[in-house]
Amino acid sequence: MASAGKPQPGTRRYDIALRLVVALPLGYALSALGGVCLAFWLPLSRADNAMAGILLGLVLWPVVFIAAFAVTRIGRLLAFLILVASLLNGLGLLGGWQP
């Protein structure tokens, strides 16, 4: 019988696997889309925009990965990441990005 505050024996593995599934692909997608948006929307040269996008991607992916293991409810983070990725995708498409 489970007591309050202690996870069930199998739920910890399931929770870690779910957090990895959220952190790896969505973190990568968010960092890539953020880089694309910076590349199209910054008023700098193409090389500077590309470098800023790469640097943003190098910062965003670890932040999303850490956040996936820091939050208590992974569903809220998943909804937030999907919303932000959709917004970044829309901004990239408005800027002229053709995937």
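The values are calculated or read from the model by the stated rules, or taken from the named source; none is laboratory data. For clarity, every value in this text was computed on a predicted model and none was experimentally measured. Heads up: the accessible areas ignore ligands, DNA and RNA and are worked out on the full protein's heavy atoms, side chains in. Shrake-Rupley method; radii C 1.70, N 1.55, O 1.52, S 1.80 Å.
See the values below:
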| quantity | calculated |
| --- | --- |
| Residue in the range 26-51 that is farthest from Gly95 (Cα to Cα), counting only those that are open to solvent by 60 Å² or more (accessible area, probe 1.4 Å) and in a helix (DSSP H, G or I) | Tyr28 |
| Filtered residues of the range 52-95 (kept if open to solvent by less than 90 Å² (accessible area, probe 1.4 Å) and not in a helix (DSSP H, G or I)) | Val71 |
